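Structure first, commentary second.
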Amino acid sequence: MNRPSRSDARRLLAWLTLALAVGLLLYTVSAWARPGGGHTYSGGSSRSSSSRSSGGHSSGGGDGDAAGLIFQLILLCIQYPALGVPLLLIVVAFFVVKAVVGAGQKGWSTTTPDVQAVERVERSARVGRAELDAIRALDPGFSLVLFEDLAYMLYGAVQRGRALGTQALAAYLEPNLGQSLVDPQLADVQGVVIGAMRYARFSGTQSPMIEIEIEIESNYVEVLRAGGTRRFYAVDRVVLTRAATARSRPKARSHTLDCPNCGAPLSAVRGTECSYCRQNVGFGRFDWMIAGFSNQTRETRGPLLTGDVAETGTELPTIVDPGAPQRFEELSRKDPAVGWEALQGRLALIFAQLQIAWSGRDPLKIRPFVSDNLFQSLYYWIDLYTQQRCRNITENATILRVDLANVMSDTSFDAITLRIFARSVDYTVSDEGKLLSGNRSKPRTYSEYWTLIRGSSRRGEPRRDNNCPNCGAPLAISMAGQCEYCRVKVTSGDFDWVLSRIEQDESYGG
Ligand SMILES: [Zn+2]
Ligand SMILES: [Zn+2]
């Protein structure tokens, strides 16, 4: 009688173990599938090594659970091979399927910084900006700077549209997409700030529709109808498409969403029909339309700012566009005041101001010298440091060397990309003064690609001082980038070179 009952007990124990293992397995699956492990917050836009490592926190639990599961399985195989071995095979099969599926959805499947670094290279080097210059063969007025402005503007409008409805944006949205984006739980989406933008795909200068897929890293606050707010850090993919026959709108209209054809106020557009120009202005016929919008990851917790990650890519050769030196000479011929020396002076001023703004968490200090989009990005990171009650200190920062990487000119802007090698002490401290990461005394060397832009019709020596490039008054600049004396917007690049992008070695694709 003993034997069968012991066998029954064993069987029961075996089944319990099986149930536990399967339960763990399912739990692990759900942990892995949660979008928003935070790995995508690679900090590609940030100049700091610490925030660059912000992908350092893991999705939490997933790996611990997996290790526990494996331990359980080994035990089961030893004690009850008849059960353990088949189950092990099932789990192995699951891992294989997971790996195959995972290969198609890079972005939230890794946890170690090393793997992330590799992943970032794969992800961000897909399309270099220089490739998009091909659009100018079809549309001579195309400007990458203005295209990015429009992309940022549309992204912000669509985020708000998720709460307020997308009817008003019909001229800029694929019709089926408009409906599906709206979330009835939302009363508003506020404070949309873009932290970084990357090009994922570009196709179609040979076909009727040009398509550009971008990846946007952002931060926003959802206001719920039921009351309360939720702050999110998100990575979204946006597909923008436009007819190959379309032409870029004039620069003067580049900061307003209006009728894509005639510039009438958006309120004049009913559905996709403009009541002024009587044209169907939707479907990307006249301007870029959002044809796809998908969230890759989002989470309420922000990127962790205090990881220590080794500098990557500093030793790599500079990616120099073959035509860059010649185009720099052309630019210097157009405006002899723009020489290599003069540009270095401007760069040194911006570099110094950025350290002050960054370490002091005072975004206004850098406001006069950066474009709206870069300001948004810096503001996003500085705000994160403020919220997490810490600051990243970069002391004794020095530029060691500057390489010319690229020069691009279009009808609206001249853009010069420089790779700067610099050295500084770099550490992160809490507001209480506790060292969180980095080293207070040992400097580190890094390199980044900086892009300076200026309106293509502007001429003259780049300013090396802290005075308004229009009226000469000491710079006092509003958040919107206007001089408080003469009221002109000094950050548009219409008056002097402003910094418009900071890209890390591992994400710069030309
Ligand atoms: Zn119109
Ligand atoms: Zn002024």
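When all protein chains stay in place and ligands, DNA and RNA are ignored, the 1.4 Å accessible-area order of D426, D383, largest first, is D383, D426. With the simple spin-label model, which puts each label point 7 Å out from Cα in the Cβ direction, the S332 to S457 separation comes to 2.7 nm. Packing around the peptides 262-273, 292-303, 407-418, taken as the average count of other Cβ atoms within 10 Å per residue, puts them in this order, highest first: 407-418, 292-303, 262-273.
In a simple Cβ point-charge model (Lys, Arg +1; Asp, Glu -1; nothing else charged), segment 204-283 has a dipole of about 320 debye relative to its Cα centre.
Each residue of segment 221-230 was assigned a 3J(HN,Hα) from its phi angle through the Karplus curve 6.51 cos²θ - 1.76 cosθ + 1.60 (θ = phi - 60°); the sequence is 10, 8, 9, 8, 4, 6, x, x, 10, 9 Hz, with glycine and proline shown as x.
Gain on full extension, evaluated as 0.36 nm per residue between S203 and R487 minus their Cα-Cα distance, stands at 98.1 nm. Packing, as the average of other Cβ atoms within 10 Å across residues, places the peptides 359-370, 221-232 in the order 359-370, 221-232, highest first. Segment 346-370 and segment 133-196 have Cα centres spaced 29 Å apart.
Using equal-weight Cα scatterers in the Debye expression, the normalised intensity of segment 322-363 in log10 at q = 0.14, 0.18, 0.23, 0.34 Å⁻¹ is -0.48, -0.62, -0.74, -1.04. In the frame of its principal axes, segment 197-282 has Cα extents of 43, 32, 24 Å, reported largest first. Would you work out which of P325, N470, Q353 lies farthest towards the positive end of the dipole of segment 324-470? Charges go on Cβ: Lys and Arg +1, Asp and Glu -1. With unit charges placed on the Cβ atoms, the residue in question is Q353. Accessible surface computed residue by residue for segment 292-448, with neighbouring protein chains in place and a 1.4 Å probe, gives 42 Å² per residue. The residues of segment 457-503 have, on average, 47 Å² of accessible surface per residue, using a 1.4 Å probe with all protein chains present. Restricting the calculation to alpha carbons of segment 378-510 gives Rg and Dmax of 17.5, 50 angstrom. The simple Förster model, with R0 at 51 Å and r as the Cβ-Cβ distance, assigns C262 and I356 a FRET efficiency of 0.65. Compactness of segment 162-219 was expressed as the Cα radius of gyration divided by 2.2 N^0.38 Å, which yields 1.40.
For segment 253-345, the Kirkwood estimate of hydrodynamic radius, built from reciprocal distances between every pair of different alpha carbons, is 19.5 Å. Charges were assigned to the Cβ only: +1 to each Lys and Arg, -1 to each Asp and Glu. The resulting dipole of segment 366-510 about its Cα centre is roughly 300 debye.
Of the peptides 313-319, 136-142, 499-505, the ranking by mean beta-carbon count within 10 Å, highest at the top, reads 499-505, 136-142, 313-319. At a 1.4 Å probe, what is the % contribution of carbon and sulfur to the accessible area of segment 374-510? In segment 374-510, the share of accessible area belonging to carbon and sulfur is 46 percent. Here's the list of aspartates and glutamates a cross-link from K442 could span, going by alpha-carbon distance under 13 Å and ignoring same-chain residues fewer than 8 apart: E395, D426. Inter-part distance, segment 216-245 to segment 252-325, computed on C-alpha centroids, equals 12 Å.
Between T386 and A137, the simple label model (points 7 Å from Cα in the Cβ direction) yields a spacing of 4.7 nm.
Per residue, the convex hull around the alpha carbon atoms of segment 218-259 comes to 152 Å³. What is the calculated FRET efficiency for L435 to N295, with r their C-beta to C-beta distance and R₀ = 35 Å, to the nearest 0.05? The formula returns an efficiency of 0.45 here.
The values are calculated or read from the model by the stated rules, or taken from the named source; none is laboratory data. These figures come from a predicted structure and were not determined experimentally. In this analysis, Cβ positions are derived from the backbone assuming ideal geometry, glycine residues included, and neighbour counts consider all displayed protein chains. Ligands, DNA and RNA are excluded from the accessible area calculation, which covers all protein heavy atoms including side chains. Shrake-Rupley method; radii C 1.70, N 1.55, O 1.52, S 1.80 Å.
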